[in-house]
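Right, one structure below, let's go through it.
The values are calculated or read from the model by the stated rules, or taken from the named source; none is laboratory data. None of the values given here were measured: they were computed from a predicted structure. Quick reminder, even Gly has a Cβ in these numbers, built from the backbone with ideal geometry, and neighbours come from all protein chains shown.
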Amino acid sequence: MSTQVPILAADNLGVRYGSFVALSDVTLSIRPNTIHSVIGPNGAGKTTLFHALTGRVRASSGRISLNGRDITHVSDDKRVPLGIARSFQVTSLFQNLSVRENLRLAAQGRTPLQALAPWRGVDPRGGALAVADEVMERLELAHVSERAAGELSHGQQRRLEVGMAVAAKPRLILLDEPTSGMGIDDVEAMKALIRDLGRDHTVLFIEHNMGIVMNISDTVTVMRAGRVLVEGPPALVRDDPEVRRAYLGNMITGDIA
Amino acid sequence: MIYLFQLVNGIGLGMLYFLLAVGLSIIFGLLHFVNFAHGAFYLLGAYLVYDMTERGVNFWAGLLLAPVVVAGLAALTEAVLLRRIYHLPHTFHILVTVGLALMVQELVIILWGPVGGNVSPPDVLGGVFMLGDFIYPQYRLFVIGLTLVLAIGLWWLLEGTRLGAVVRAGSESTDMVSLLGIDIVRVNTAVFALGAGLAGLAGALAAPIRGVEPFMGVEALGIAFVVVVIGGMGSYTGALIAGLLVGIVQSVMATLWPEGARLMIYLGMGLVILTMPRGLLGRA
Amino acid sequence: MNRASLHFVLAALVAIALPLFMRSGTLASEVLIFAMAAAACNLLLGYTGLLSFGQGIFFGLGSYAAGLTLLHTSLPLGAALALATIAGAVAATGVGWLSIRRQGVYFVMLTLAFSQFFYFLAYTFKDVTGGDNGLLNIPRPAIGPFALGESWAYYAFVAVLFLLVFAALQRVASSTFGRTLLAIRDNEERARAIGFPVRLFKITAFAVSGAVTGLAGALHALLIGVAPLSSIEYHMSESILIMTIIGGSGNLFASVLGAGFYVIVSDLLSSIWPRWLLLLGGLLVVVALFMQKGLWGLLERLVEALQNGRKSPVEAPVRPESEGRSI
């Protein structure tokens, strides 16, 4: 398996804000069709890593490649058609637009220039709208399809947040703390959803809930202070003394399924 | 020699632009409020000096009173009207201040007529200053001197006092200011009055140089925006550098291509935006 | 009937009703010309979230382009209008491209600064624009077999163009493009994250807006026979923006209301009192404080009140005010 070309690879990636080093020498390789999680204490640089991988933040050093192609200097919006889509830690939806329209837009984002023609209407049968309906089914949001995103419950908004990434039909899907602020029932549903997404996507996700991380990940990357501390399968990571020290001993509890 | 003359002219003009822009800038810095009535305060300052000297009031008294009256009116406007709209989107800030600017402009026409007029500098400064071949109006030298003193005073106010600390903290976070236990409502009024007063003073000082007319407010607003776009909103140094730059470019161009002098200001702004989208000092 | 068709019918009703209620064909034409300009401004303000203080640039350039074409060439009217439309679109592309490099209030200030730039440009190159006097004696040639010299004949021509433009703008607003603009307005960061090159969309919105505004400027120049310097002044940008906000930024028909109200009321007031802008200034403050959804919001509340119960006939007298065509 380790001989496979990684779907996404970061080589010595660094991000500086002025004199502040948010990320340094991060080398990461995501194997296709795996679920890969990133954990670490607050301020470890997890979200910055996501920003750099999706192109929202420019890398100060190092190189990012997607299926072997260098995308370090490709802007964030142009990485979407290449097959990278993400969700945000803080829910970021089109609050005033309906759930269906949110997902339709996310699906359209794969071929954004088609939407640039001011005379072209929305195709009622095929294309983006069909994808939106499909994603709504998968995320159990069909019954609220016409409701404005801002009116949904928190759990529904978090699911739609993930749905925005799914609708782009990406090869690699990045989820930034998909369970943040969720109640216990919603967390279980999200766990099932992520595992389900792992069947037809490569998933990279940041998570604080160790139950989920240890349960469904193929690979876990532990970060601290902008660097990679340890990387490996859940069992290995859980027993690593360095990780135990970083987490003050007892925070990693989840069972391995 | 003509270029030296125009350079000094440009410094004087630039310092007036600085006063105008720094007023706009500190209002925005603290209140996050774009004041489209800023030109109207400039207009009012100029007309108050004009009115008082026409009535035979001493020029110096006029120069002192005009900005004070403008600041007072601004404080009243802030307390009665503007603080009710801070929570609304920018569109409505703009709508209200555009409305206020129109009202001031029309009031000026009603009170003083549509034609405008001239203001004579005081007799003491009516002459010229000579140094070898260099001959220069005394009043303009006085403007440069006074604005330099004001610039230093303002720098001290913003960097060295409690009020300044609040203004700078306010531009970072309003919550923090409340935590410091400062009556933010009063600080808001004071800062708005200060910003407007600076515009009024710029107008008052400019009156003997360029005369008064009812539409000088709009032009001043455009210039203040250019200075702030080039220098960066909320930045004292930015306003100073950009103000001087704009003043000097306008003055020097007035010799090279008189009709196009003001055009060059805006062309210059376009170039800055093209090459340095964040302005000279590169703040967000 | 869906919302868009309802609004189109309302716009058509306005175009038909103006001749019935108004004595001056010139004033009626002015209403529809500014309705186009305001609707174009609304495409930026209401759909894209861009408050442009530069609409006068495109209006003024449209006026000059049409005037210069008709004065110095033998091209037909249609070509003059097309050139004005192109001039508006090209200028808007440039102004938009530069202005959206900055966001929020900086953007607004930049558009205003550019409107000053174009004003001084027009003022400086007197040989081309006529400077303070403007371009005088612009002819109003016939279009095909139809002579447009008489004011109501010209109105009919303007009305047809107005309805075509209105329908086109509606089409733009409901296209995938327009819906993407709404998304950008709602959450620009997310729009970029899902793959939309946001700047390109904003610039395109500017180009469309500028094209329509340029056409409106050309029609205005033909209406009054002059392309005046005031068409490219700060106050033109200001007026177009005010019409748009007074009407309400929620839909395109609201801009027709706003333009109608502004043009008719200003005509009425200015004939009574030359300093009417004082009252307009006060009105803007009132709108910001009490009527944030503009005239359209007022109309909606009125319709709602009428539907909810006819027990309060007291509200009837308010009615003509909301349409603003009581002349």
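Give B:Ala101, B:Ala74 a once-over and let me know the one that is crowded, with 23+ Cβ neighbours inside 10 Å, in contact (Cβ under 8 Å) with a residue 60 or more places away in the chain and away from chain C (no Cβ under 14 Å).
Of B:Ala101, B:Ala74, the one residue that is crowded, with 23+ Cβ neighbours inside 10 Å, in contact (Cβ under 8 Å) with a residue 60 or more places away in the chain and away from chain C (no Cβ under 14 Å) is B:Ala74.
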Name every residue in the stretch B:77-89 that is among the β-branched types (Val, Ile, Thr) and either part of a helix (DSSP H, G or I) or surrounded by 21 or more Cβ atoms within 10 Å (Cβ to Cβ) (or both), in order of residue number.
B:Thr77, B:Val80
Going by the conditions given, is C:Ala191 surrounded by fewer than 17 Cβ atoms within 10 Å (Cβ to Cβ), facing chain A (nearest Cβ under 9 Å) and either in a loop (DSSP other than H, G, I, E, B) or aliphatic (A, V, I, L, M) (or both)?
no
Of all residues in the stretch B:227-240, count the ones that are assigned to a helix (DSSP H, G or I) and either surrounded by 19 or more Cβ atoms within 10 Å (Cβ to Cβ) or within 8 Å of chain C (Cβ to nearest Cβ) (or both).
9
Specify which of the listed residues (C:Ala211, C:Ala193, C:Ala221) is among the small types (Gly, Ala, Ser) and touching a strand residue (DSSP E or B) at 6+ places or on another chain (Cβ under 6 Å).
C:Ala221
Tell me the residue from C:Gly214, C:Gly210, C:Gly258 that is in contact (Cβ under 8 Å) with a residue 60 or more places away in the chain, buried (at least 24 other Cβ atoms within 10 Å of the Cβ), assigned to a helix (DSSP H, G or I) and within 14 Å of chain A (Cβ to nearest Cβ), please.
C:Gly210
Give the residue, chosen from B:Phe59, B:Phe129, B:Phe92, that is among the aromatic types (Phe, Trp, Tyr) and within 14 Å of chain C (Cβ to nearest Cβ).
B:Phe92
Identify the single condition in (1) surrounded by 21 or more Cβ atoms within 10 Å (Cβ to Cβ); (2) out of contact with any helix residue (DSSP H, G or I) (no Cβ under 8 Å at 6 or more places or on another chain) that C:Phe162 does not satisfy, given that it satisfies every other one.
(2)
Look at C:Gly225 and say whether it is away from chain B (no Cβ under 14 Å), over 11 Å from the mean Cα position of the chain (by Cα) and on the phi > 0 side of the Ramachandran plot.
yes
Report every pair of residues separated by at least 6 positions or lying on different chains whose Cβ atoms are under 9 Å apart, first residue within the stretch A:43-61 and in the same structural domain as A:Arg79 (by TED's automatic domain parsing) and touching a residue at least 60 places away in the same chain (Cβ under 8 Å), second crowded, with 23+ Cβ neighbours inside 10 Å and in a helix (DSSP H, G or I).
A:Leu53/A:Arg79; A:Thr54/A:Arg79; A:Thr54/C:Ala193
Among the numbered criteria (1) surrounded by fewer than 19 Cβ atoms within 10 Å (Cβ to Cβ); (2) in contact with a Leu (Cβ under 9 Å, 6 or more places away or on another chain), which one does C:Ser230 miss?
(2)
Quick check on this structure: which one of A:Phe88, A:Phe94 is part of a loop (DSSP other than H, G, I, E, B), free of Cβ contacts under 8 Å to residues at least 60 places away in the same chain and within 11 Å of another protein chain (Cβ to nearest Cβ)?
A:Phe94
Filtered residues of the stretch A:71-84 (kept if over 21 Å from C:Arg185 (Cα atoms) and either at the interface with chain C (Cβ under 7 Å from one of its Cβ atoms) or among the polar types (S, T, N, Q) (or both))
A:Thr72, A:Pro81
Would you mind telling me which numbered condition in (1) more than 30 Å from C:Asp132 (Cα to Cα); (2) part of a helix (DSSP H, G or I) B:Leu263 fails?
(1)
Search result, residues across the stretch C:262-286 that are more than 13 Å from chain B (Cβ to nearest Cβ), within 18 Å of the chain's Cα centre (by Cα) and among the aliphatic types (A, V, I, L, M):
C:Val263, C:Ile264, C:Val265
Options A:Arg120, A:Arg16, A:Arg31: the member that is within 14 Å of another protein chain (Cβ to nearest Cβ) and of a type in the set (Lys, Arg):
A:Arg120
Among the candidates A:Asp133, A:Asp185, A:Asp200, A:Asp218, which residue alone is farther than 30 Å from C:Leu164 by Cα, outside the structural domain of A:Val15 (by TED's automatic domain parsing) and surrounded by fewer than 19 Cβ atoms within 10 Å (Cβ to Cβ)?
A:Asp133
Every residue from the stretch A:213-236 that is without any contact (Cβ under 8 Å) to a residue 60 or more places away in the chain and either assigned to a helix (DSSP H, G or I) or of a type in the set (A, V, I, L, M, F, W, C) (or both)
A:Met214, A:Asn215, A:Val230, A:Pro234, A:Ala235, A:Leu236
Looking at this structure, is B:Phe92 farther than 15 Å from B:Pro208 by Cβ, assigned to a helix (DSSP H, G or I) and aromatic (Phe, Trp, Tyr)?
yes
